[in-house]
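Following: one structure in structure tokens, then a few remarks.
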Amino acid sequence: MSRKHVVFLAAFLTAGAALLSACGTTDAGTPSASPAAASSAAGAGDEAAPANLISGTAKANNAPAKTGDWATGLSGTSDDASPAVSRTWTQLTASKAGELNPVLVNGAGRTLYRFDNDTAKPSKSNCNGDCAKTWPPVIVTPGSKVFIAGIKKSAVGTVKRADGQLQITVGGWPAYTFSKDKKAGDTFGQGVGGTWFGLTPTGAKAAGGAAAPVTPPASDAPAGKPATSAILFDDANFSDNGASQGVSGKGCQNVPRPGVTSSISAGGTMKLWTGKDCTGKSTVINDDVLDLSTIGFDNNLVSVFFS
């Protein structure tokens with residue numbers, strides 16, 4: 001071997017040794033990332049992907065039985081069900097529970113709450129340990145589905161808890177259930193300790209009384225952000241007890257099953273008609289309507305108009 005080749009080989013080996021020294025090696029001798037790079041990678045992994053938001057209820061989207069909010073453990077609720085099953089999906093629906101109207105409920109109809117000792121800006125949960133056993137946080141995992149009805153997508157988010165899990169937030173406020181609520185309509189958590197209250201679709205505290213009726217604008221033309229689709233529920237308050245149907249498109253659309261709608265999740269403005277092909281009596285709604293009887297359209301909807 002010539003002297004030139006020997007010098008080149010020596011320089012190559014020296015450079016290789018320096019590179020391995022900078023990167024470090026695993027037990028198996030495989031190069032590993034430097035501590036700084038490993039720290040950066042770990043930090044990136046801490047930020048989980050947001051949950052998938054899907055319009056409509058779990059039932060309308062054909063969620064599998066005994067999963068998500070429908071899963072049950074020894075308590076008879078999803079609070080102590082297997083996380084691998086119960087965290088596949090959750091539901092946020094604007095509804096009525098007891099004297100709370102509107103208030104968010106999950107897919108099993110259980111009331112959702114907020115805690116005054118938490119913060120919304122920035123979002124932070126201060127309910128941990130034994131508190132979280134009494135008030136189970138609404139937890140999702142990356143890839144979990146969140147079905148929404150009567151709530152804007154922009155209001156829904158997640159916050160990382162002290163244990164690293166992701167908790168659903170509404171209007172920035174972390175969401176919880178109450179362990180003493182066992183069935184749909186229970187509101188035993190309302191007002192507990194003067195700090196726990198039902199959670200509304202905007203993140204505000206729920207209060208008793210009837211929901212405010214939707215007031216159509218003076219003009220016949222829809223105002224504000226136009227809706228491009230809507231979920232029509234056969235029952236009021238977006239109830240899963242009855243069927244639902246979807247409608248979308250541009251301009252006038254006849255609904256698939258006319259004369260059965262009692263509540264609408266729209267997410268924008270749209271015009272309702274009592275006759276086919278957008279004829280008859282009409283009115284304009286802005287966003288969602290929990291009960292169409294408040295505007296005289298219960299079981300009267302035949303067609304709709306999207307701008």
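The values are calculated or read from the model by the stated rules, or taken from the named source; none is laboratory data. Given the structure is predicted, the values throughout are model-derived calculations rather than measurements. Counting neighbours? That spans all protein chains shown, and the Cβs are built from the backbone with ideal geometry, glycine included. Keep in mind that these areas ignore ligands, DNA and RNA; they rest on the heavy atoms of the full protein, side chains included. Shrake-Rupley method; radii C 1.70, N 1.55, O 1.52, S 1.80 Å.
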Rounded to one decimal in nm, the spacing of the 7 Å Cα→Cβ label points at Thr202 and Thr119 is 2.3 nm
So for R0 = 30 Å, FRET eff. of Lys183-Thr294 from the Cβ-Cβ r, to 0.05, ends up at 0.70
Sorted largest first, the C-alpha extents of the stretch 161-210 along its principal axes in whole angstrom are 36, 24, 22
Here the averaged projected area of the stretch 83-152, based on the convex hull of its alpha-carbon atoms and given in nm², is 5.8 nm²
Taking a probe of 1.4 Å and leaving out DNA, RNA and ligands, the stretch 260-307 shows per residue an accessible area in Å² of 34 Å²
Violations at 24 Å Cα threshold for listed pairs Lys59/Lys281; Lys59/Lys152; Lys59/Lys133 -> Lys59/Lys281; Lys59/Lys133
Rounded to one decimal in nm, the spacing of the 7 Å Cα→Cβ label points at Asp80 and Lys225 is 4.1 nm
Plugging the Cβ-Cβ distance of Thr279 and Asp234 into 1/(1 + (r/R0)^6) at R0 = 30 Å yields, to the nearest 0.05, a FRET efficiency of 0.85
Correct semi-axes for the stretch 85-124, from √(5λ) of the alpha-carbon gyration tensor and rounded to whole Å with the largest first, are 20, 17, 8
